[in-house]
Structure formats: C-alpha cells, structure tokens
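Right, one structure below, let's go through it.
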Amino acid sequence: MTEPEPGGERRSAELAAGLAEVRQRIATAATAAGRDPGDVELRVITKFFPAEDVVRLIDLGVADFGESREPEAGRKVAAVRELRPDSPATFDMVGGLQRRKVKTVARWANRVHSVDRDVLVTGLAAAASAARNEGVRDDPLGILLQLSLDGDPERGGMVSDGLPALADEVLAAESLRLAGLMVITPLTGEPERWLTEAAAAHQDFLQRYPDARVLSAGMSGDLEAAIRHGSTCVRVGTAIMGDRPILSP
Ligand SMILES: *Cc1c(COP(=O)(O)O)cnc(C)c1O
C-alpha cells in the first residue's frame, strides 16, 4: 500500500466534482422539503474502490464512509487507518451480512445498517463485546434494523411486524446501540409509495424507540425522494465514485 500517486490528481478532481454535485443535490432536496440540509448525513459508499480513493476523499474532507462487503471492507479500513492515522473517518457496514462475518465487522464498523435477523443481533453483540475487551473498539456498535418493504428475502430486511423483537434484543445488549432503521427501495413499484411506507414505519418505530432517530434511505438514484420522505442518512456510491469496476470472479 502506497500513498496516492501523483497521477491521481485527476481522480481526486473527479471525486471532488462528484462530491460537490451530490452535496448540492442533498441541499436542494432538503431545502425543497423544508428541511435543514445539515440534518441529512451523507455516507459515501466506497465498495469495490481501492483504499487510495478513500484516502483521496479523506483529503477532500470526507469522514463518513460505508462499505458493503467483508473481508474487502476490513482490509480497506486497516489500510486507510495506516495511511491516515489521524483521520476521524468512520465506516458503516451497509451491505447484507453473513453470520460468520460478524466477528470482523464488529472490529471496524461504526454502525451496521443491515441487521435483519436475531442471529446477527446476538452475533454482533458478542463480537462487539469481544472487540471492546480487546481494546479495538471504544463505542457500542450502532445498529440499524433493515426494514423489508416488499418482503423479498433476496434483498434482505425484516418485515415491520418483526422489528420490535429485534429492537428489544438490541436494547438488551450492552455492547450495542439502537440507532434507527434502514431501507433499500424495492426495484418494482413506485419508489414514492415505498418511501412513504418507510417513513410511516420509522415514525411508528420512534414512538416505541425514541433514540432510534436514523432513517437510512436513498442512494444515487433516489436520494431526492428519500430526503422528501424524511431520510436522515443517504448512502451514495455511483454518483460520487463513478461506475463500479466489473470484477473477475
Ligand atoms: C452499493 C450500495 C449503496 C450505494 O448505491 P449507489 O446506487 O451506487 O449509490 C447504498 N446502499 C447499499 C446497501 C449498497 O450496497
């Protein structure tokens, strides 16, 4: 792992332009919805892109990142920490999580957005507790429960009736902190309708869990609609990073 190359200036300029455009989109959408743009967190999703790009973004002032694939993510976070040890950057896990990956994810993740079943809650609780005992993390691991809007198991998520049982388990775990809900807008049907449902589910959830303030919704293609429906955290990859490289198997 080396410092970003001198020839990488063009890449930095590209990232800066994408970032400026997305920040402008967020500001415009929030203002149009009568919301404060500062209330919408931007997580830059850097999956498939190298640690060098994360470092370029850190040098551009970004501190909030998201990753979706382990072990790629853990390796990248370690490389970035080495290159920029003083950066306050945090990394959220936003992608589907397998039970056997919880151990490593709990070591580097600030929050996990994709918790949708109880084996993940118990696994992450134990793993976060171990990581704290080993001194590799200080704060409790933030947990967002992923709400499934259409019940499609392929896309992950728990249907809304199942959320309180998971939330209660998170609250009972000392190493975890219940942060909110996450949704991925289904590809079928009207995005606006799904986002209206997500917003309503989050409002219901807040009645019972008032600290679960985060609604993580909206990606490159639908961030304006998500912000209109109350998203407090958009997860944006392509619009900043460019198209993801196609990996060989
Ligand atoms: C990749 C990914 C994103 C970013 O998607 P873009 O369309 O590239 O902005 C957001 N959320 C999750 C869960 C992802 O896996």
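Just tell me the longest site-free run in the chain, where the sites are GluC sites (Glu not before Pro) in a DSSP loop having at most 12 other beta-carbon atoms within 10 Å.
Numbers: sites that count: 134, 174.
Result, exposed sites excluded: 1-133.
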For residue 11 paired with residue 86, estimate the spin-label separation in nm (one decimal), with each label point 7 Å from Cα along the Cα-to-Cβ line.
-> 2.4
Spin-label zone in the range 49-74 - amide nitrogen under 18 Å from a point set 7 Å from the Cα of residue 20 along the C-beta vector = 56-62
Under the 7 Å Cα-to-Cβ spin-label approximation, residue 119 and residue 172 lie apart by a distance in nanometres of 1.9
Cα centre as origin, Lys/Arg/Asp/Glu Cβ charges: the range 177-249 dipole, Debye = 280
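Could you tell me which of rounded, prolate or oblate describes the range 128-187, using a ≥ b ≥ c as the square roots of the eigenvalues of the alpha-carbon gyration tensor, with rounded for a/c under 1.5 and, failing that, prolate when a/b is larger than b/c and oblate otherwise? All intermediate terms of the calculation are to be shown ahead of the outcome.
Values: a/c = 3.21, a/b = 2.14, b/c = 1.50.
Prolate.
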The chain, Gaussian network, Cα under 10 Å: of 50, 88, 37, the residue fluctuating most is 88
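Report the calculated FRET efficiency for residue 188 and residue 211 (r = Cβ-Cβ distance, R0 = 41 Å), to the nearest 0.05.
Values: r = 33 Å, r/R0 = 0.80.
Calculated value: 0.80.
Using the beta-carbon distance between residue 152 and residue 60 and R0 = 35 Å, what value does 1/(1 + (r/R0)^6) give for FRET efficiency, to the nearest 0.05? Intermediate values should be presented prior to the final figure.
Details: r = 36 Å, r/R0 = 1.04.
The value I calculate is 0.45.
Restricting to the range 1-160, compute how many DSSP beta bridges are antiparallel as a %, nearest 5. Numbers along the way, then the final one.
Details: 0 of 11 bridges.
Antiparallel: roughly 0 percent of the beta bridges in the range 1-160.
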How long is the gain from residue 159 to residue 204 if the chain were fully straight, where each residue apart is worth 0.36 nm and the alpha carbon distance is subtracted?
-> 14.9 nm
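By how many nm would the segment from residue 72 to residue 36 lengthen if fully extended, with 0.36 nm per residue of separation less the alpha-carbon distance?
Working: separation 36, 0.36 × 36 = 12.96 nm, distance 3.45 nm.
Taking 0.36 nm per residue and subtracting the Cα distance, the gain is 9.5 nm.
Rounded to whole Å and sorted largest first, what semi-axes of the equivalent ellipsoid does the C-alpha gyration tensor of the chain yield via the square root of 5 times each eigenvalue? Could the numbers behind the result be given before it?
Numbers: eigenvalues 149, 113, 50 Å².
Whole-Å semi-axes of the equivalent ellipsoid: 27, 24, 16.
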Would you mind checking which residues have amide H under 5 Å from residue 137's amide H? H placed 1.01 Å from N; only 5 or more apart, or other chain.
-> 132
Under a Gaussian network model of the chain whose springs join Cα atoms within less than 10 Å, the largest fluctuation of 125, 20, 73 belongs to 20
Which value, in debye to the nearest 20, describes the size of the charge dipole of the range 89-174 about its Cα centre when Lys and Arg Cβ atoms bear +1, Asp and Glu Cβ atoms bear -1, and nothing else is charged?
-> 460
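With charges set only on the Cβ (+1 for Lys and Arg, -1 for Asp and Glu), what does the dipole of the chain come to about its Cα centre, in debye to the nearest 20?
Approximately 420 debye in magnitude.
All of the numbers you see were taken from the coordinates with simple rules; none came from a lab. Bear in mind that the values here come from a model prediction, so they are computed numbers and not experimental data. Don't worry about glycine lacking a Cβ; one is built from the backbone with ideal geometry, like all the others, and counts go over all protein chains shown.
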